[in-house]
Each structure stands twice: as C-alpha cells, then as structure tokens.
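Please read the structure below before turning to the comments.
The values are calculated or read from the model by the stated rules, or taken from the named source; none is laboratory data. Everything numeric in this text was worked out from a predicted model, so none of it was measured. Reconstructed Cβ throughout: ideal geometry from the backbone, glycine too, with neighbour counts over all protein chains shown.
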Amino acid sequence: MRGGCRIALTGTPGTGKTTISDILRSEGFKVLSLEKLAEKFNCLGELDYSDNSKPVDIELLNTKLEHEWENAPNNITFIDGHLSHLLPCDQIIILRCKPDVLEKRLTKRNFVTPAFAGFVSGHSTFSRAAAEILTRVTGSDFFPGGLMEHPIEPGWLEFEQGPSQPMVLQWATYFDAADEAGRSRLYGGIHVPADDFAGRKVGAYCGQAVWDLGVKYVDGRLIPNQLPISLHWKGDGHYEARWPQRRGLFYGVGRRSSLNKSDPLVSSINFYRATDKQGSWAFDVGPRAEAKGFLMVIESLSDGLFLNPD
C-alpha cells in the first residue's frame, strides 16, 4: 500500500481489536485509540458509574477530526475502537467472531449480558402464578410450618462453579420463593431487572385469573341455566344449529320425538370435549328429512354426567 492513510479497526467487543492492535504495533504500525482521541479533543461525557467509563461524543469528535485530518498522514495509521468506523477514515476493517467463541470471551471478562434481546422472564411469570394459586389452595401465603428450606451442596450449580460451601436457601412464603426464582435469572446474566418485574406482573394476573376460572369449573357456575342456540338456513332445506362453547367442557347433541323426557331418543347422545368456541349440528327439513323431533344440546363438566338421558 503506497502513501499514508487512516484505517478504522472496528468490531463488537470481544472480536479481537486489542489483540490485533498489539500485533500491528509490534510490526511498527501506528495505532491510535479512539478513547485517547476523544480525550485529546474533549469529546468525552460524564463518568457512567454503571460501567465506570465515559461515553464518547462521536459526532463532535468526527466534526473536529474532519478539519484535523484534512491532509493524509505520512504513514499507515490504524484507529482502534468499536466506533472508529464513524470517523473520517480512508478504509474500514471490521473484525468478526464466531458467536460461541465470542460468548466465552465475554464471559471471561465478566461481561454479564443476555445473548439475546430482553423478553419477559418465564421463571418470574410461572413462579408468581404458582404462588398465587398455592396461596389460594392452602389458604395462606406461608409454606406449611412457616418456613421452607432447600439445602445445596458444593458444586451444585451447572452453568458456573459453586457454591464452594454447603448452603441452605430459606423462604417464608410462596411469594418469597417465586421472587428468588426470578432474581436467579438476573444473577445468571440471562435477564435484566425489567424482564423480571414484568414477569411478576403477568404471573400475578394469570395466577389469579386461572384460579377464578378454575373454581367455576368445580362449583358448576361455569355452566349457564340455558344454552343459547341459534338456527341458520343453509339453503334447499338444509339447516344448521349453532351454540357457544367453552373449551374443555363436554357437549352432547341428540334428538327426541317430544319434549317429554320419558319418550325414547330419536338419536343417541355422544359427548365430545369442546376444542373451539362454537358447536354446530346440521340437519334437513323437507319430504326426505329425518323424523321430526326436538334438538337437545347438553353442556356438562364430564362426559359421563348424562349416561342415561331417559
């Protein structure tokens, strides 16, 4: 490569920018640090105590370097930094790395962050829902006896080494255990606090709603006194009866010759478990139609509740 130029050496953290920069320096090349340039031209912000670093005002730095770097350098100069490609450089080198290798490198740096976008924590959601239901089943939010203990032996963890000493986890209430289940995902670097709290809210809502609906299945309040049935003409003597269903309940459809329960059934009643929100039964009306009768639709909590409709 003839003449001087500036080359940006960029890439996400952990791809090897520092290692490559050290090799380039050992070979006699000039390597500039983006952070050092930002400090030199007063383009650093206030200290961020969360990661103990100062953010670079890349737009301001770019503006100042456009004038400073108006002329080409005498030699090849590399600029090291994951934002260096935004500076007025002549060429750009982007370093990449296999995801599994990158994960190991960042883990060694204690770079604790999920390897995916933030989503609601399933641990927080299901644990909180379980706590809501257990509280209602037992009538108390406390574990039996007021305390639950879970002993952990040294080396019990699978995703990292530890613990080094025996320890015992203790919870007074179901909610204490549920909250710690959610926090465990923060300790492992799998979720951030926002994922945990959102999951607790969703779990609380779902747990309460499931309990309220489940009680109706047990005490029979889920079944109304009368099942609304609508009749729909399909043309040419064809009709279809429709009725609303609840998923999980059983429905039986049959015909009688009259409204008198002592009269024999024209057709048998076969119960089925509802899988959608609407049930239906097709029949014909006309010279060739089936014998006249009355349609029966039975809604039941069990398929054996009406084994003998007579």
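Values as computed for the structure displayed
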| quantity | calculated |
| --- | --- |
| Residues within segment 70-85 that are more than 14 Å from I7 (Cβ to Cβ) and in contact with a helix residue (DSSP H, G or I) (Cβ under 9 Å, 6 or more places away or on another chain), tallied | 2 |
| Residue satisfying condition, being modelled with pLDDT under 85, of a type in the set (G, A, S) and surrounded by 13 or more Cβ atoms within 10 Å (Cβ to Cβ), within set G189, G235 | G189 |
| Residues of segment 115-152 that turn out to be in a helix (DSSP H, G or I) and without any contact (Cβ under 8 Å) to a residue 24 or more places away in the chain, as a count | 4 |
| Set V202, V210: member being surrounded by fewer than 16 Cβ atoms within 10 Å (Cβ to Cβ) and under 29 Å from R246 (Cα atoms) | V210 |
| Odd one out for L169 among (1) in contact (Cβ under 8 Å) with a residue 40 or more places away in the chain; (2) among the aliphatic types (A, V, I, L, M); (3) exposed (fewer than 13 other Cβ atoms within 10 Å of the Cβ) | (1) |
| Tally, over segment 117-151, of residues that are more than 26 Å from P163 (Cβ to Cβ) and over 11 Å from the mean Cα position of the chain (by Cα) | 13 |
| Looking only at segment 286-310, and only at residues there that are modelled with pLDDT of 70 or more and either among the aromatic types (F, W, Y) or touching a Gly at 6+ places or on another chain (Cβ under 6 Å) (or both), the one that is surrounded by the fewest Cβ atoms within 10 Å (Cβ to Cβ) | F294 |
| Residues satisfying the stated conditions in segment 272-285, i.e. aliphatic (A, V, I, L, M) and either assigned to a loop (DSSP other than H, G, I, E, B) or modelled with pLDDT under 75 (or both) | A274, V285 |
| Matching entry among L32, L24 (being in a strand (DSSP E or B) and out of contact with any Gly (no Cβ under 6 Å at 6 or more places or on another chain)) | L32 |
| Hey, E35 loosely packed, with under 12 Cβ neighbours inside 10 Å and farther than 30 Å from E160 by Cβ or not | no |
| Yes/no for L65 being in contact with a helix residue (DSSP H, G or I) (Cβ under 8 Å, 6 or more places away or on another chain), part of a helix (DSSP H, G or I) and surrounded by 13 or more Cβ atoms within 10 Å (Cβ to Cβ) | yes |
| Which numbered condition L60 misses (of (1) free of Cβ contacts under 8 Å to residues at least 60 places away in the same chain; (2) closer than 21 Å to C5 by Cα; (3) surrounded by 13 or more Cβ atoms within 10 Å (Cβ to Cβ)) | (2) |
| Some residue of segment 107-128 being of a type in the set (A, V, I, L, M, F, W, C), more than 30 Å from S84 (Cα to Cα), modelled with pLDDT under 95 and buried (at least 17 other Cβ atoms within 10 Å of the Cβ) | yes |
| Wholly enclosed strands (runs of 3 or more DSSP E) of segment 157-258 bearing at least 2 residues among the small types (G, A, S) | 230-235, 250-256 |
